[in-house]
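Notes for the one structure printed next.
The values are calculated or read from the model by the stated rules, or taken from the named source; none is laboratory data. Values in this document were obtained by computation on a predicted structure and should not be read as measured data. Neighbour counts run over all protein chains shown; Cβ positions are idealised from the backbone, glycine included.
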Amino acid sequence: MSESQMIGIVIAKGLGQMILIMKKINLLLFGFLLFSNAVLAQRYGTAVGIRLGNNDIGRTFGISAQQRIMDHVTVEGILQSDFNLNTNLSFLLEKHHPVISKRFNYYYGAGISFGKEASFYKDEVNKELVQTYGNATFGVDLIGGIELTVANAVISLDYKPNVNLAGRSEFYRGQVGVSARMVLVKSKEQKKKQRQRQREKDKKESTSINSKLDDLFGKKN
């Protein structure tokens with residue numbers, strides 16, 4: 001076999017391998033596009049799950065419930081505790097903005113919080129840091145984070161600072177949280193129910209107006 005024939009065989013094998021690799025890449029891209037479309041199709045109206053929080057004070061475990069009230073706007077309730085000295089309940093109004101797609105968002109918001117918390121203050125006379133617990137607290141929560149909706153799950157990472165207004169010595173506490181929520185009601189289902197309720201309301205109002213007109217003209221006759 002001549003040298004030119006051997007070079008031709010090597011080139012042919014190389015081209016065959018490249019074609020095979022390109023086919024695999026195309027299959028992967030096709031699968032990714034199908035998965036992306038499935039992800040994009042999932043839009044949540046109601047989602048409930050767990051939230052893990054962490055800050056300098058300690059770690060908390062909690063429940064997070066999120067409800068869409070209009071396009072790109074949700075309300076979220078968070079109940080969290082370290083099962084020792086700190087328990088909080090927060091209500092937040094959040095605004096969502098898509099980053100890459102409608103299912104990958106960044107969001108921010110604010111709300112109020114209530115709790116029973118430990119507090120620390122400095123004893124300047126004895127040079128001690130004194131801790132108290134069972135303090136009824138009230139404050140303002142801010143929140144900012146990112147979230148990804150995949151199939152029937154919403155995964156989010158957030159930073160939630162708290163500004164204390166009453167009940168605690170520390171004015172500010174920050175917390176990093178990770179939430180995993182399951183979609184209970186999809187956005188399409190929620191909007192469908194809203195349209196049905198609106199149609200029923202319009203029908204009742206129309207029936208009431210017609211009844212009043214019938215009564216009015218009936219009396220005149």
Task: the stretch 57-73, residues that are in contact with a Phe, Trp or Tyr (Cβ under 8 Å, 6 or more places away or on another chain) and of a type outside the set (Phe, Trp, Tyr) - done: GLN66, ARG68
Open item on the list: Being surrounded by 13 or more Cβ atoms within 10 Å (Cβ to Cβ) and at pLDDT below 70 narrows it down to one residue among GLN196, GLN190; which is it?
Closed with: GLN190
TODO: Within the stretch 63-91, count every residue that is over 12 Å from ILE112 (Cα atoms), acidic (Asp, Glu) and buried (at least 17 other Cβ atoms within 10 Å of the Cβ).
DONE: 1
Open item on the list: Residue under question is PHE83, and the condition is that it be modelled with pLDDT of 90 or more and not in a strand (DSSP E or B); does it hold?
Closed with: yes
Open item on the list: Just the residues that are more than 16 Å from THR74 (Cβ to Cβ), free of Cβ contacts under 8 Å to residues at least 12 places away in the same chain and not acidic (Asp, Glu), please, taken from the stretch 95-150.
Closed with: ILE100, LYS122, VAL125, ASN126, LYS127, LEU129, VAL130
TODO: Could you pull out the residue among VAL150, VAL183, VAL163, VAL176 that is modelled with pLDDT of 85 or more and touching a helix residue (DSSP H, G or I) at 6+ places or on another chain (Cβ under 7 Å)?
DONE: VAL150
TODO: Filter the stretch 60-80 for residues that are among the acidic types (Asp, Glu) and not in a loop (DSSP other than H, G, I, E, B) and give the result.
DONE: GLU76
- [ ] Could you please find all residues in the stretch 111-146 being surrounded by 15 or more Cβ atoms within 10 Å (Cβ to Cβ) and more than 21 Å from ARG59 (Cβ to Cβ)?
- [x] GLY111
